[in-house]
Amino acid sequence: MAGVDPVREYGAALPFLSRGHSANLTDTIHSQVAHDAISPLPHLGAPGRTKDRSSVTQRTDVLQRLTDFVCGPPNAHLDERLLHDAKRLLLNQFKASAEAAQQPDGRHWLARASSLATRRGATGPGSVGLWWSSARSTPRHAAALHRRLLLLLDFGDSHLPTLGQFTSDIVAVLMACAEAEGQSGRHVLLSLAVGLEVAIVCALMGMNRQTIVTTSQQAALCKLRAMPYGAARQRLERALPAACPVGPLQPEALKALDELGWRWRMRDIAMHCRPGPALAQAPLDAVLALRSTAGDREPRRIQIHLSPMAWVSSTFPRAAVPDPPEKGPAPPPPPSSSGPDLRQSLAAAWLLGQFNVEERHAAQLGHPSLTALGDRIEFNIDARHMGLESCTLTTEFLDGSTDHIHIDAFLGARQQPLSDGQLCELFRQAADPLVRPQRSGEILQALWRLDYAADTRQLLGLLREAA
């Protein structure tokens, strides 16, 4: 790879990040997004501004296709497997929120939201419950709080082809509105699937993060409320800025738009079975697998061979991939916005033999032993790997021995999905400290039968703080 600028060479492998989109929204944006999804949206276009006719035609075509999909027959091309997939994604989000509710930040947010709701009189009719709390608040404030919980630990899921974390954005708003409005469980699951498909297509078209979130939330709510075609089109039009999409669409985006409702790309969403970004899942699997056979040997150097896409993501964590310079070396990577450094996480996994929330916290503290081992971890490009699902790990030990391990797909990826039993166990581990184990079982039973429920209130009512 000498003489090759990996950012220039492989930046196109990141259709989402390479356009300057952050992997997560700021708190300011997520609060506004939750407000916009539940409240009527203002027009985002610039009235009276001259637009290129081809751009207008393209935007009109995209808008019509999205509206046709959102307003199509409720069960068109929808099978029971897809509803089951939606339940799994919802359960995984509940797992992430339960673990987050036990962290200092999560407890602080819940206490503050409860106090504010009481002072403002927001606990009466039309209010909804705050998960893992005895408090209630308005749907808008509950959606904003739940979204913060869902993203706190990176313990949810990611759509690997675009690196987008769309489920948390949609679930937070969708569940708040469904509880307030008494919508049926089947409607909720279908609306979640529709919202995710719209988010994925928008990401493939190169839209920015805020547009993706707002458009997908509006699509999910239009489906939830069974809005007439004209009203749904108007809401989606207001969510799409006048300049979207920008430029000619790539073949993959055109194909995704054409296949809406026929091929469900939400099945490419990978669940995180360990707290950390999608990028960390395969390396963590590799480190823990090799660590279990290493015995007392101490590593001298750990080399992790990643796909070009994963290498770029590891070099520029949670930030926009910059345009490569015309001359000279690539700019230094910007600092990570939150969460431990990937090297620190892998070092913690090796030294502690596992990687859960406690190990994640240890990695954030930057203990000297973790830093020392982290300095011995290298990331290399291996073009034989594709995407974020796989990696190869080579460890050279101080005694002169060398071990290798290859991960084809991390646990939770589409090629190696978590079983229902594994997902339930992860949920129980997160939820049992908050509610009685019996209550965790009741939550699971209610969720697996959600498509038969008249509304979501029984399920969400179980996400209450134990007495």
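The values are calculated or read from the model by the stated rules, or taken from the named source; none is laboratory data. Please read all numbers here as calculations on a predicted model, not as lab measurements. In this analysis, Cβ positions are derived from the backbone assuming ideal geometry, glycine residues included, and neighbour counts consider all displayed protein chains.
Can you spot a residue in the stretch 445-455 that is under 24 Å from Val312 (Cα atoms) and crowded, with 19+ Cβ neighbours inside 10 Å? There is no residue in the stretch 445-455 that is under 24 Å from Val312 (Cα atoms) and crowded, with 19+ Cβ neighbours inside 10 Å. Residue count for the stretch 407-419 under the criterion of being in contact with a Leu (Cβ under 9 Å, 6 or more places away or on another chain) and of a type in the set (D, E, K, R): the result is 1. On the stretch given as the stretch 350-387, residues that are surrounded by 15 or more Cβ atoms within 10 Å (Cβ to Cβ), closer than 29 Å to Phe427 by Cβ and among the small types (Gly, Ala, Ser) total 3.
Checked across the stretch 197-206, the condition of being at pLDDT 95 or above, under 27 Å from Val357 (Cα atoms) and touching a strand residue (DSSP E or B) at 6+ places or on another chain (Cβ under 9 Å) holds for no residue. When the stretch 245-258 is filtered for residues that are in a helix (DSSP H, G or I) and out of contact with any Gly (no Cβ under 9 Å at 6 or more places or on another chain), the ones remaining, listed by number, are Pro251, Glu252, Leu254, Lys255, Ala256, Leu257, Asp258. Might you check whether a residue that is at pLDDT 95 or above, surrounded by 22 or more Cβ atoms within 10 Å (Cβ to Cβ) and part of a loop (DSSP other than H, G, I, E, B) occurs anywhere in the stretch 221-233? Looking through the stretch 221-233, none of the residues is at pLDDT 95 or above, surrounded by 22 or more Cβ atoms within 10 Å (Cβ to Cβ) and part of a loop (DSSP other than H, G, I, E, B).
Free of Cβ contacts under 8 Å to residues at least 60 places away in the same chain, farther than 30 Å from Ala282 by Cβ and polar (S, T, N, Q) - does that describe any residue in the stretch 190-203? Yes, the stretch 190-203 contains a residue that is free of Cβ contacts under 8 Å to residues at least 60 places away in the same chain, farther than 30 Å from Ala282 by Cβ and polar (S, T, N, Q). Among residues of the stretch 358-387 that are touching a residue at least 12 places away in the same chain (Cβ under 8 Å) and of a type in the set (S, T, N, Q), those with a Cβ under 6 angstrom from a residue that is outside any strand (DSSP E or B) and surrounded by 19 or more Cβ atoms within 10 Å (Cβ to Cβ), sequence gap 6+ or separate chain, pair up as Gln364/Pro340. Filtering the stretch 291-317 to residues that are part of a helix (DSSP H, G or I) and under 19 Å from Gln415 (Cα atoms) leaves Met309, Ala310. The single condition among (1) of a type in the set (D, E, K, R); (2) within 21 Å of Leu153 (Cα to Cα); (3) part of a loop (DSSP other than H, G, I, E, B) that Glu359 does not meet is (3).
For Ile170, the conditions (1) within 19 Å of Leu459 (Cβ to Cβ); (2) touching a residue at least 60 places away in the same chain (Cβ under 8 Å) all hold with the exception of (2). The set of residues in the stretch 259-282 that are in contact (Cβ under 8 Å) with a residue 12 or more places away in the chain and in a loop (DSSP other than H, G, I, E, B) comprises Leu260, Gly261, Trp262, Trp264, His272, Cys273, Arg274, Pro275, Gly276, Pro277. The lone criterion from (1) surrounded by fewer than 22 Cβ atoms within 10 Å (Cβ to Cβ); (2) at pLDDT 70 or above; (3) more than 20 Å from the chain's Cα centre (by Cα); (4) charged (D, E, K, R) left unmet by Asp341 is number (3).
With respect to the conditions (1) surrounded by fewer than 20 Cβ atoms within 10 Å (Cβ to Cβ); (2) out of contact with any Gly (no Cβ under 8 Å at 6 or more places or on another chain); (3) under 12 Å from Phe69 (Cα atoms), Gly261 falls short on a single one, namely (2). The set of residues from the stretch 184-209 being under 20 Å from Thr60 (Cα atoms) and polar (S, T, N, Q) comprises just one member, Asn208. The residue that is surrounded by the most Cβ atoms within 10 Å (Cβ to Cβ), counting only those in the stretch 413-429 that are assigned to a loop (DSSP other than H, G, I, E, B) and not small (Gly, Ala, Ser), is Leu418. In this structure, is Phe410 assigned to a loop (DSSP other than H, G, I, E, B), of a type in the set (A, V, I, L, M, F, W, C) and either buried (at least 18 other Cβ atoms within 10 Å of the Cβ) or out of contact with any Pro (no Cβ under 7 Å at 6 or more places or on another chain) (or both)? Here the answer is yes, as Phe410 does meet what is asked.
If you go through the stretch 210-220 and keep only what is crowded, with 24+ Cβ neighbours inside 10 Å and farther than 18 Å from Arg265 by Cβ, you end up with Thr214, Gln218. Scanning the stretch 295-319 for residues that are at pLDDT 95 or above and of a type in the set (A, V, I, L, M), we see that the one that is farthest from Gly353 (Cα to Cα) is Leu306. Looking at the stretch 411-452 only, could you name the residues that are touching a Ser or Thr at 6+ places or on another chain (Cβ under 7 Å) and either charged (D, E, K, R) or more than 19 Å from Ser97 (Cβ to Cβ) (or both)? Within the stretch 411-452, Arg428, Asp432 meet the criteria.
Looking across Pro161, Pro125, one residue alone is assigned to a loop (DSSP other than H, G, I, E, B) and more than 30 Å from Phe410 (Cα to Cα). It is Pro125.
All of Leu174, Leu288 fail the test of being part of a helix (DSSP H, G or I) and within 30 Å of Ala453 (Cβ to Cβ), apart from Leu174.
Restricting the first member to the stretch 296-323 and to residues that are over 15 Å from Leu163 (Cα atoms) and of a type in the set (A, V, I, L, M, F, W, C), and the second to residues that are at pLDDT 95 or above and part of a helix (DSSP H, G or I), the beta-carbon pairs closer than 6 Å and six or more apart or on different chains are Ile304/Pro283.
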